[in-house]
Protein chains: 2
Amino acid sequence: MVARSNRVTIHDVAKAAGVSVSTVSKALNDTGRMASETREKIKSIAADVGFRPNALARSLLFNRSFTVGLLTNDTYGRFTLPLMSGISEALVDHGVSVFLCAIEDDPALAKVHVDAMLDKQVDGIIATGKRVDRSLPVDLAGLPVPVVYAFTEGVPGSVILTADDSDGARLAVERLRKVGRKRIVHVTGPDSFVSAVERADAFRQAVGPDALVMHGAWTEAWGHEAVTMLWGGDKETPDGIFCGNDQIARGVVDALREKGVRVPEDVSIIGFDNWEIFADQTRPALTTVDMNLKELGRTAGLTILDLAEGRAVEAGLRKLPCKLVVRQSCGGDREI
Amino acid sequence: MVARSNRVTIHDVAKAAGVSVSTVSKALNDTGRMASETREKIKSIAADVGFRPNALARSLLFNRSFTVGLLTNDTYGRFTLPLMSGISEALVDHGVSVFLCAIEDDPALAKVHVDAMLDKQVDGIIATGKRVDRSLPVDLAGLPVPVVYAFTEGVPGSVILTADDSDGARLAVERLRKVGRKRIVHVTGPDSFVSAVERADAFRQAVGPDALVMHGAWTEAWGHEAVTMLWGGDKETPDGIFCGNDQIARGVVDALREKGVRVPEDVSIIGFDNWEIFADQTRPALTTVDMNLKELGRTAGLTILDLAEGRAVEAGLRKLPCKLVVRQSCGGDREI
DNA sequence: TCAACGTGAGAAAACGTTTTCTCATCATTT
DNA sequence: AAATGATGAGAAAACGTTTTCTCACGTTGA
């Protein structure tokens, strides 16, 4: 009707094999009845001419596009990238491709992307963000396709996947204890962040009722400042610091070095996020809590697939465990 | 045939309006002949029932999927993310969506992704990577769809877009000169990187025949070490350092601070990449060369669109200009 | 009054698949 | 030798659009 392409279609194969398209289809899909030599001949011809079925035509027929949309407003990619690679990895095995939709924080742009995805008949949408306690600037409820929220706030009754912040905090404290630390403090981000609060609560529960938690910005500068405060008074200084993210940890480590305090000999430091570009390049390299975002992504991918294929999935918030990545900043790393 | 969906189709609209599907199609697309009241009535009914044409069906008809594939092996996203957002931004206006294919460095995975994209009839493929002088582990020549290489090595005769490294180096030197620096050195990455070499050449050309270029790793540690070398001998110390990336610059700035050398009062520093997470958080914040990757992405998006729609595009390597982002590490930032 | 023409709208084909149904042909059984 | 059954393969419909073609009807002009 419009532009004719030169791609080889099932009709070309049929013509080359001297049979009908139905026969070709059945031959290639191993369905229907037919002489096995016919089947083999068709298969070999199809391979010869390089036939690959047009996925669009199949999608139209099956009402399945084998495509999902990934909505994100994380521009740094710190959280989205591992998530994305997990999703992609899990889905590519099932022949499912991922539409990437970066929506910044623009509701209009988000709507454009969502509409485009729906028009293209995505089998589902994974919503993800840069912050667990904020939702994307678009309402995904009542869409004709399933939605999974990963690392972003979802509407009640939906499927929501996040990392278990409490678990992460517990892992950190456990480790600090294991290397013999007694005076442990927590330097973290603003208490307006739910994850900061959850980690802080778990931290207090693990360390004890009068555990010290210091809230500030998620920056190196705050790490510096916190050290100045901790070492500035006449109170006993800590021997273990659990930091709310790797940037804070980096600030803490640098500030301690400037003070001549040795890490990890005098003080053990544990970060959070395992953002390699920070964790790896800090001296000493950071022992840090990894939120397993790639695994989270993989789970999100498999979950949206379950939903797309009509399998039941339990709704609600599901928290996935963290893991500790041991480098040098906490000590005890050579004991193994 | 298989799963029936509940989405509203053009047939539903036709039924609701009491006309044929052809009439609906023509009404909504403002084509064909028909009483203008019929047209308006149909439009209003279509809007009421929330009809949106199935893009798959149109794609099949037009042989255009309004979809492009983005192939990348950059896992950190430093280069890919801005590129991606530029591509997406440029394309979403044209109703084109982007398949994200993260292929690590795995040829098999790359092939799987490319095949999946071709099956899904992408209108084109944008290849991008983490390094300008390395190609992706897959051969994209001879594909039935156009390919644009952005920030990665492409085959001869193809369309290749990169940032102009020489331009970036010139911008940096120019700026250092402008703030009065006379003894300018260049601390950069390994000379096995083409971009390092190109920048170094342009640097030499701008500064003079005996300009000092120091090659090392792309790391903070190398920045530190370079400062130690520069300030360690009995030679005259530089008053301006152009660094090959922001991490090196960060290392240089930190090392100078430890030495008591003031930045930018005593020495001006300029970085490369404008990786905000580094440039913004270094104290003082880094003046740095931005490769305009978002713009590069935008250009790549529009170029693949041109090719997909059959417009002629000049093949070959096209270098896009850089820009200087002025923060505090070079000085002269308050003069405006 | 009849031909020519313009207008509005629908039928059908097409895009590339898959699947159901039908139908020949040939072998087997009575 | 005739009826039954099994087997192989094709015709047609379907998915949701768009576009070309056709046709009926009403209006205009001679």
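Below are the figures for this structure:
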| read-out | value |
| --- | --- |
| Principal-axis tilt of helix B:107-119 within chain B, Cα atoms, nearest 10 degrees | 30 |
| Estimated distance in nm for a label pair at A:Ser36 and B:Glu40, the labels positioned 7 Å out from Cα along Cα-to-Cβ | 6.9 |
| Across the identical copies, how the B:Val313 labels are spaced - nm, sorted shortest first, 7 Å along Cα→Cβ | 3.5 |
| Label-point gap, in nm, between B:Arg334 and B:Leu61 - each point 7 angstrom along Cα→Cβ | 6.5 |
| Calculated FRET value between B:Lys182 and A:Glu236, using beta carbons and R₀ = 41 Å, to 0.05 | 0.20 |
| Qualifying chymotrypsin sites (Phe, Trp or Tyr not before Pro) for the stretch A:183-289 [loop in DSSP, other Cβ within 10 Å: at most 11] | none |
| Distance between modelled label sites at A:Asp93 and B:Asp210, nm, 7 Å Cα→Cβ extension | 6.3 |
| Long-range HN-HN contacts of B:Phe66 with modeled amide H, under 5 Å | B:Asp123 |
| Three-way shape call for the stretch A:165-291 based on the alpha-carbon gyration tensor, with the a/c threshold at 1.5 | rounded |
| Stokes-Einstein D (µm²/s) once Rh is taken as the Kirkwood radius of the stretch A:1-101 over alpha-carbon pairs, at 4 °C in 1.567 mPa s | 79 |
| Normalised contact order of chain B, rounded percent, pairs of Cα under 8 Å and 6 or more residues apart | 17 |
| The stretch A:105-182 - Rg over Rh from alpha carbon coordinates, Kirkwood radius | 1.21 |
| Size of the B/A contact, given as accessible area buried on both chains, probe 1.4 Å, in Å² | 5100 |
| Solvent-accessible area lost in complex, 10 Å² minimum, residues of the stretch B:35-53 relative to chain alone, 1.4 Å | B:Arg52, B:Pro53 |
| Sum of -39500 (n - 2.57) over DSSP H runs of 4+, divided by residues of the protein assembly as shown (222 nm, nearest 500) | -13000 deg cm²/dmol |
| Carbon plus sulfur fraction of accessible area for chain A, probe 1.4 Å, in percent | 52 |
| Loop-located trypsin sites (Lys or Arg not before Pro) in the stretch A:245-280 whose Cβ has at most 15 other Cβ within 10 Å (DSSP) | A:Arg262 |
| Relative contact order computed over the stretch B:1-128 (Cα-Cα under 8 Å; 6+ residues apart), in percent | 25 |
| Shortest-first distances to equivalent copies, position B:Gly18, nm, label 7 Å out along Cβ | 5.7 |
| Size of electric dipole in the protein assembly as shown: Cβ of Lys, Arg +1 and of Asp, Glu -1, about Cα centre, debye, nearest 20 | 1600 |
| Accessible solvent surface per residue of the stretch A:56-104, calculated while the other protein chains remain in place, 1.4 angstrom probe, Å² | 31 |
| 5 angstrom amide H check on B:Gly216, placed H, neighbours 5+ away | B:Thr188, B:Gly189 |
| C-alpha long axis of helix B:293-308 to longest principal axis of chain B, angle in ° | 40 |
| Neighbour-limited loop hits for GluC sites (Glu not before Pro), the stretch B:139-237 (at most 11 other Cβ within 10 Å; DSSP other than H, G, I, E, B) | B:Glu236 |
| Cα convex hull volume per residue for the protein assembly as shown (Å³) | 203 |
| Geometric extent, Cα atoms of the stretch B:10-53 - Rg, Dmax (angstrom) | 8.9, 24 |
| Karplus (6.51, -1.76, 1.60) ³J(HN,Hα), θ = phi - 60°, over the stretch A:21-30, in Hz, Gly and Pro reported as x | 5, 4, 5, 4, 4, 5, 4, 5, 8, 6 |
| Nearest 10 degrees, 0 to 90: helix A:165-178 Cα axis against chain A principal axis | 50 |
| Rounded Å value of the spacing that divides the Cα centres of the stretch B:137-190 and the stretch A:47-63 | 39 |
| Accessible area expressed per residue, the stretch B:118-195, with surrounding protein chains retained (probe 1.4 Å, Å²) | 37 |
| Charge dipole (the protein assembly as shown, unit charges on Cβ, about Cα centre) - positive-most of A:Leu293, B:Thr72, A:Phe193 | B:Thr72 |
| Given A:Lys15/A:Lys120; A:Lys319/B:Lys130; A:Lys111/A:Lys319; A:Lys323/B:Lys130; A:Lys182/A:Lys235, the pairs whose alpha carbons are separated by over 22 Å | A:Lys15/A:Lys120; A:Lys319/B:Lys130; A:Lys111/A:Lys319; A:Lys323/B:Lys130 |
| For A:Leu324, inter-copy label distances in nm, listed shortest first [label point 7 Å out on the Cα-Cβ vector] | 4.9 |
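The values are calculated or read from the model by the stated rules, or taken from the named source; none is laboratory data. Since the structure is predicted, the reported quantities are computational estimates derived from the model, not experimental observations. Every residue, glycine among them, receives a Cβ derived from its backbone with ideal geometry; neighbour counts consider all protein chains shown. These area figures cover heavy atoms from the full protein model, side chains too; ligands, DNA and RNA do not enter into them. Shrake-Rupley method; radii C 1.70, N 1.55, O 1.52, S 1.80 Å.
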